[in-house]
1. Scan segment 252-272 and give yes if some residue there is more than 30 Å from Met45 (Cβ to Cβ), over 21 Å from the mean Cα position of the chain (by Cα) and not polar (S, T, N, Q), otherwise no.
2. Assess whether Gly81 counts as being touching a Ser or Thr at 6+ places or on another chain (Cβ under 8 Å) and surrounded by fewer than 17 Cβ atoms within 10 Å (Cβ to Cβ).
3. If the Cβ limit is 8 Å and pairs must be 6+ apart or interchain, which residue in segment 29-41 that is under 20 Å from Val75 (Cβ atoms) and of a type in the set (Ser, Thr, Tyr) pairs with which residue that is within 12 Å of the ligand (Cβ to nearest atom) and part of a strand (DSSP E or B)?
4. Quick one: which of Val72, Val61, Val94 is within 18 Å of Leu262 (Cα to Cα) and either over 17 Å from the mean Cα position of the chain (by Cα) or within 16 Å of the ligand (Cβ to nearest atom) (or both)?
5. Which pairs turn up if I take residues in segment 182-206 that are touching a residue at least 40 places away in the same chain (Cβ under 8 Å) and look for partners that are assigned to a loop (DSSP other than H, G, I, E, B) and aliphatic (A, V, I, L, M) with beta carbon separation below 7 Å, at least 6 apart in sequence or on another chain?
6. So, of the residues in segment 189-211 that are buried (at least 18 other Cβ atoms within 10 Å of the Cβ) and in a loop (DSSP other than H, G, I, E, B), which turns out to be farthest from the ligand (Cβ to nearest atom)?
7. Given the condition closer than 21 Å to Met112 by Cα, within 15 Å of the ligand (Cβ to nearest atom), among the β-branched types (Val, Ile, Thr) and assigned to a helix (DSSP H, G or I), answer yes or no: does some residue in segment 212-230 qualify?
8. Look through segment 21-58, keep the residues that are away from the ligand (no atom under 16 Å from the Cβ) and part of a loop (DSSP other than H, G, I, E, B), and return whichever of them is modelled with the lowest pLDDT.
Amino acid sequence: MKTQFLLAILFAMLMVPLTLSAAPRQLIFSHVVGPDTPKGKMALMFKSLVKEKLGDRYEVVIYDKASLMSDVEAVDAIAAGQIQFAAPALSKFVKHTSKLKVFDLPFMFPDMAAVSRFQNSFTGQMLLNSMADQGIRGLGYLHNGLKQLSANRPFETPDDLAGLRFRIINSDVLFDQFQIVNAKPVPIPWPETYEAIKNDRVDGQENTWSNIYTSQFYKFQPYIMESNHGLLDYMVITNQHFWASLDEHDRRLMQYSLNMALEYGNAVAAAKSLNDRVDLRNMRGVTIITPSPAEKLQWRDAMKPIWRKYETVIGKSIVEAARAASVNQVAAQ
Ligand code: LMR
């Protein structure tokens with residue numbers, strides 16, 4: 001009897017940890033590209049750092065390749081608190097704020113160092129809070145890189161784009177950027193872009209070396225101009241209430257994990273941009289068009305007049321701060 005009683009106690013003691021240890025809280029991270037891209041690698045790094053730093057209490061569950069939802073839907077899902085993390089391109093917030101349109105202005109940033117200076121500046125950090133009134137909190141920026149133009153036929157000058165259909169992210173700045181050179185902008189969500197390019201629904205598109213290479217757009221649009229005319233970067237966002245509901249210790253560790261993952265993602269983006277550019281240059285059947293400084297000026301002069309329309313929409317001080325970061329080595333205000 002005594003033995004049975006002791007066994008019962010022992011059994012109960014063994015069961016206690018099992019019944020007390022709850023399943024990890026699942027945190028959904030939705031994005032639209034593959035695991036081999038800067039964003040995909042950053043998300044995987046964030047997942048493993050959260051596990052390392054916060055133990056088994058949380059599990060970051062990644063849905064990549066738009067397997068859960070598109071980026072535009074993800075922004076709404078973040079606002080509604082249905083998912084916890086997303087990293088849409090900065091052009092995909094147009095419905096929620098006009099301030100981030102500064103990142104879409106053509107020929108704003110000469111290189112990625114200027115982009116980093118602006119993102120790290122007071123104004124750049126303030127923009128992380130530009131959607132706070134809608135429950136969206138920006139946690140940090142992730143680079144992909146500067147955009148290049150690609151097309152299914154040779155082109156050299158802005159006039160050569162006349163009448164050509166260009167796939168764009170659905171952003172009014174990007175729409176105007178192509179319309180001003182008499183091209184036909186066609187907004188197409190990312191998950192449909194490959195098919196649209198393959199089936200000649202569009203003649204051209206704009207994207208980074210990394211996306212052109214990884215998504216194999218070069219197979220159908222082998223004429224690629226090294227235009228560096230625009231930017232494709234991302235903002236990692238979360239829901240305000242979810243973020244505020246974390247206890248301070250967890251929130252700090254989660255932000256730390258994200259900061260480390262972003263540093264890693266930015267290093268991947270820089271290396272991948274260099275490598276994919278070289279690989280595309282060496283690829284048979286791909287023609288890289290490198291504009292001379294005079295030709296580059298021609299492109300800039302053709303597209304930059306759209307700035308006038310957006311300066312007041314975005315806010316003059318924001319455009320000024322981005323410009324200052326682009327021309328000065330010192331951090332902008
Ligand atoms: C796009 O739609 O071109 C980009 O947002 C894809 C990406 O890298 O997220």
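1. no
2. Criteria not met by Gly81.
3. Ser30/Ala86; Thr37/Asn144
4. Val61 is the lone residue from the list that is within 18 Å of Leu262 (Cα to Cα) and either over 17 Å from the mean Cα position of the chain (by Cα) or within 16 Å of the ligand (Cβ to nearest atom) (or both).
5. Every condition considered, the pairs that remain are Trp190/Val32; Trp190/Ala66; Pro191/Val32; Pro191/Ala66; Asp203/Leu164; Gly204/Leu164.
6. Top of the filtered list is Asp203.
7. yes
8. Here the answer is Ser21.
The values are calculated or read from the model by the stated rules, or taken from the named source; none is laboratory data. What you see is a predicted model, and the numbers here were worked out from it, not measured in a lab. We place every Cβ from the backbone using ideal geometry, glycine too, and count neighbours over all the protein chains shown.
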